[in-house]
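Chemist: The structure under discussion is supplied below as structure tokens; questions concerning it will follow.
The values are calculated or read from the model by the stated rules, or taken from the named source; none is laboratory data. This one's a predicted model, so the numbers in the text were calculated from it and none came from an experiment. When we count neighbours, we look across all protein chains shown, and the Cβ atoms used for this are built from the backbone with ideal geometry, even at glycine. Heads up: the accessible areas ignore ligands, DNA and RNA and are worked out on the full protein's heavy atoms, side chains in. Shrake-Rupley method; radii C 1.70, N 1.55, O 1.52, S 1.80 Å.
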Amino acid sequence: MTVSSATLIEELRGKIKGIVKANEPMSRHTSYCIGGPADLYAEPADIEDIVTLLVESNRLGIPWYPIGDGQNLLVSDHGIRGMVIRLGKPLGYIKVDGVRVIAGAGAKLTKTMDVAMRHSLAGLEGCTGVPGSIGGAIVMNAGTKYGYVGDVTRRVRVVNSDGSVQDLTPEEVGFTYRGSGLQSGGRIVVEAEFELKPGSKEDLISMVDRLKRRRNMTQPSATKSAGCVFKNPDDLHASRMIDGAGAKGMRIGGAEVSTKHANYLINTGNACASDVRALAERTREMVHDKFGIMLDYEVKLLGDWQDVD
Ligand SMILES: Cc1cc2nc3c(=O)[nH]c(=O)nc-3n(C[C@H](O)[C@H](O)[C@H](O)COP(=O)(O)OP(=O)(O)OC[C@H]3O[C@@H](n4cnc5c(N)ncnc54)[C@H](O)[C@@H]3O)c2cc1C
């Protein structure tokens, strides 16, 4: 039985309340608007659906990959062999309880910050303008030098691969620069609790406005990209190194190193994943030749890259 066989799809559809599809183009679910088909694609309606999907995938030996809003993904043109589990709207709730904000993994990070600000709660404003879901934000420790989600996270609820539900402390999540221990996979984030501080709504609004203006000045807007492709090496700026290596504006196929922010590799309209990957590899080589440092990917490469690796 192939992963996407009709019998399997029908079986899964009968077991969960959410959506199950076969051969779903990942270009529909990534900010790059790039990516071949996932054999199986599911949008669970609730935590019970997630538990069922994991138990069934394990029983059938189907690999599974959780995603949020696809703002940090480069999916291969050959697609993904296995099941993509996308956490979206059904898990998009945001609740406020005193200084605590509790958000489902499918809630937008920016909306969560807005809700906190409306309640005069400070601590998430460093994430101004960072696109994506709460699930992705926890796994990636999203944020900026003005603050990361990991700084204010008190509890993360996950579904483990055996279907058990568990609450993790920040120490157990293991937040790092642009990452966490959850990146190794095997768990799906379903909820996060943030502990914030009472603040002045006016001050928060003016800080967020300032950060938005700054982002608009320094980063390309309205482009198909995944933000910064590479992590900053210790105390260094990847974008300055890429610029210094002469890669700014370089193109391969439809992919281009942004002339506004060199750590953004953008899809100018018709790029495929192999264009972006080839451009990223060429950029790494040029930076290595010039500075002796090999940049690490921040963007997550998902799917079948066998012809490249
Ligand atoms: C224009 C632009 C600007 C950006 N600027 C910034 C920035 O300033 N700072 C910053 O930190 N990031 C930035 N990013 C990157 C991106 O916004 C963050 O990494 C974001 O947290 C990704 O969230 P997502 O929901 O889109 O996750 P996805 O891209 O869908 O997934 C990212 C990773 O998290 C995993 N994942 C997602 N959801 C779950 C879940 N529920 N359970 C388990 N694993 C999960 C995926 O498997 C994958 O490994 C930018 C991106 C863009 C497009």
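Chemist: Mind listing the phi-derived Karplus ³J(HN,Hα) values for the range 247-253, rounded to whole Hz, using 6.51, -1.76 and 1.60 with θ = phi - 60°, and x for any glycine or proline?
Modeler: Once rounded to whole Hz, the list reads 8, 4, x, 4, 10, 9, x.
Chemist: Still on this structure: Taking all pairs of distinct Cα atoms, average 1/r, flip it, and tell me the Kirkwood hydrodynamic radius of the chain in Å to one decimal place.
Modeler: Averaging 1/r across every pair of different Cα atoms and inverting gives 20.2 Å.
Chemist: Moving on to the next point. How big is the shadow of the Cα convex hull of the range 131-171, averaged over all directions, in nm²? Mind dumping the intermediate values first?
Modeler: On the way: hull surface 13.4 nm².
Here the figure is 3.3 nm², rounded to one decimal.
Chemist: Continuing with the same structure: Looking at the range 228-309, which trypsin sites (Lys or Arg not before Pro) are DSSP coil and have at most 15 other C-beta atoms within 10 Å of their C-beta?
Modeler: Numbers: sites: LYS231, ARG240, LYS248, ARG251, LYS260, ARG277, ARG282, ARG284, LYS290, LYS300; in loops: LYS231, LYS248, LYS260.
Here the trypsin sites (Lys or Arg not before Pro) that fit, given the DSSP loop and packing criteria, are LYS260.
Chemist: Right, here's the next one. Explain nothing, just the number: relative contact order of the range 1-127, from Cα pairs under 8 Å at least 6 residues apart, as a whole percent. Please list the in-between numbers first.
Modeler: Numbers: 224 pairs, mean separation 26.5, N = 127.
It comes to 21 percent, rounded to a whole number.
Chemist: Once neighbouring chains are kept in place and the probe is 1.4 Å, which whole percent of the accessible area of the chain is contributed by carbon and sulfur? Provide the component values of the computation, followed by the final result.
Modeler: Working: 6840 of 13820 Å².
So the carbon and sulfur contribution to the accessible surface is 49 percent.
Chemist: List the residue ranges in the chain for DSSP H helices whose C-alpha atoms run 18 angstrom or more along the long axis and whose Kyte-Doolittle average is -1.0 or above. Walk me through the numbers before you get to the answer.
Modeler: Details: long enough: 47-60 (20 Å, 0.63); 201-218 (26 Å, -1.18); 273-291 (27 Å, -0.73).
Helix filter hits for the chain: 47-60, 273-291.
Chemist: Sticking with this one: Would you mind computing Rg(Cα) / (2.2 N^0.38 Å) for the range 80-140, counting N as its residues? Don't jump to the answer; show the numbers that get you there.
Modeler: Details: Rg = 12.6 Å, N = 61, 2.2 N^0.38 = 10.5 Å.
Its radius of gyration relative to the 2.2 N^0.38 Å reference: 1.20.
Chemist: Right, another one. May I ask you to derive the relative contact order of the chain, considering only C-alpha pairs under 8 Å and at least 6 residues apart, and to give it as an integer percent?
Modeler: Numbers: 681 pairs, mean separation 50.6, N = 309.
16 percent.
Chemist: Subtract the Cα-Cα distance of LYS145 and VAL308 from 0.36 nm times their separation in residues, and report this length gain in nm to one decimal. Spell out each step's value before the answer.
Modeler: On the way: separation 163, 0.36 × 163 = 58.68 nm, distance 3.33 nm.
Roughly 55.3 nm would be gained on extension.
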